[in-house]
Each structure stands twice: as C-alpha cells, then as structure tokens.
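Data block below; observations after.
The values are calculated or read from the model by the stated rules, or taken from the named source; none is laboratory data. All figures in this text were calculated on a predicted structure; none of them were measured in a lab. Glycine gets a Cβ as well: all are built from the backbone with ideal geometry, and neighbour counts include every protein chain shown. For the accessible areas, the whole protein counts, side chains as well, though only heavy atoms, and no ligand, DNA or RNA atoms are used. Shrake-Rupley method; radii C 1.70, N 1.55, O 1.52, S 1.80 Å.
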Amino acid sequence: MPERDGDSLPRWLERYRVYALYGLVAGTILCLLALFTNPVPDPSFPRLTLPASLRLPVRQPRIEHWPVTYTVGIWLWIGGFPALILTGFLKYGAADRPGPALWLGGAPAAAMLGWTTYCRFFWPKLHPPTWNAPSYTIACWGYCSTYEALWSNLAYAIALLGVAATVAAVRRRRGAPHALVAFGMLALPLGLPALYEGYRRAMR
C-alpha cells in the first residue's frame, strides 16, 4: 500500500470514496422515493409521510419493516458513510499534525458512540427485530437485529477502543497503529478509515 503524500489517498481508497459518495446520493433518492409510494416508509417514524394527493398510485413491497427502495437506500448510506469521513479528512485534516488520527480514528469512534447511544436509548424500536435493521457496524447490527443489550455493550466497548486508539495516535504511542487497526476491523464498515490509518502507520 503506497504511503499517503499528506493530502491524498491510495488509489483503491480514493476510488471507494468517489463511488461511495455517488452511492450516498443514490441512497438519498431511493429513500425519498419511498415517500411517494408508501404511506409510512419507516414505521419507527410514522409522522414521516406525505399526503395521499402527493403519492404515486403504486405501493412498494416491504423487506421486513421497510419498503424495498428505502431499505436499499439506507444500506447505501451505511456502506458509503465512511466516504464522508475521508472527504472531510482530505478537506480539513490532512495538513494538521493530529488531523489524520482525529479524522480517520476519532470521527468513526465518535459516530459509533453517538449511534450506539441513539439506538439503545432513543430509537423507536420495531417489533419483531429484523435481520436487515440499518446498522453501521457488525456489533450494532447484532443489537438492532436482536435488541440484546450484550451487543450494545460490545458496541460501546469497541467505540471506546476507538477513542483510546485515537488518543494514542495523537500522542504517537507505540501501540497506536495496532489499536487503530483493531478498532477499524471491529467497527467495519464504519471503521474503514481507522483501519487504513492504522495500517498506514504500521507500515512506516
């Protein structure tokens, strides 16, 4: 893997970043499409609806709780969200000394902490739980598809590992690259930026 010049990414990661950004746009369009076909695209948020006069005279089938395009759109967001972190890093963090660690390690860890807290305590849960519940990491999927607190606790532990790895990377501690790699792998797909940054540091 080539070493970054400070304001660029390896070709494979840059290619992912660009295509994933297109995927985020497509995912948004697909989610909005469900508003025009189904009275309540997401039963967790029943007020998210349009008047019947604005909806098309068709109705999408559902995959478990969600219309097909809504489901595909959400998973495109899940697969593409790391591209937003990579883009923010390239624009704002590449030139600063702590920038790579804060953007590529800290941002995924903060996002995981925030979403884990939201899903555990605030998300209006649907019953029964389903295998295709939107989830940004494997541990989060375990919780959202079962509602078992063990998975949520594991997600918190992984996110805190990400925070510790970020602090270690900012302070240039010896074990920081391996901690970033561990966090990135445990937090995939959200942890992809941290996995890359840890691997890059380890290969120096």
Worksheet entry | Residue among Ala34, Thr116, Leu161 farthest towards the positive dipole end of the chain, charges placed on Cβ | Leu161
Practice prompt. Summarise the accessible area of the chain (1.4 Å probe, protein heavy atoms) by the percent that is carbon and sulfur.
Written response: 68 percent
Worksheet item: Sorting Tyr147, Tyr19 by accessible area (1.4 Å probe), largest first, what list results?
Response: Tyr19, Tyr147
Worksheet item: Which log10 I(q)/I(0) values, to two decimals, does segment 21-69 give at q = 0.31 Å⁻¹ under the Debye formula with one point per Cα?
Response: -1.19
Fill in: 10 °C / 1.306 mPa s Stokes-Einstein diffusion coefficient of segment 106-203, Kirkwood radius on C-alpha pairs, µm²/s
118 µm²/s
Practice prompt. Tell me the Kirkwood hydrodynamic radius of the chain in angstroms, computed as one over the mean inverse distance between distinct C-alpha pairs.
Written response: 18.0 Å
Worksheet item: Hey, can you list the DSSP H helices of the chain whose Cα span along the axis is 24 Å or longer and whose average Kyte-Doolittle score is at least 0.0?
Response: 11-35, 68-88, 149-170
Fill in: Extension reserve of the Met185-Arg204 stretch, reckoned as 0.36 nm per residue once the Cα distance is removed
4.9 nm
Discussion item. With a 1.4 Å probe and all protein chains kept in place, how much accessible area does Ile29 have, in Å² rounded to the nearest 10?
Written reply: 110 Å²
Worksheet item: Just how large is the dipole of the chain about the Cα centre, in debye to the nearest 20, putting +1 at every Lys and Arg Cβ and -1 at every Asp and Glu Cβ?
Response: 320 debye
Worksheet item: What residues have an amide H closer than 5 Å to that of Ile63, excluding those fewer than 5 places away on the same chain, when H is modeled at 1.01 Å from N in the peptide plane?
Response: Val68
Response to the item:
Rounded to the nearest 0.05, FRET efficiency between Trp131 and Thr28 (Cβ-Cβ, R0 25 Å) equals 0.60
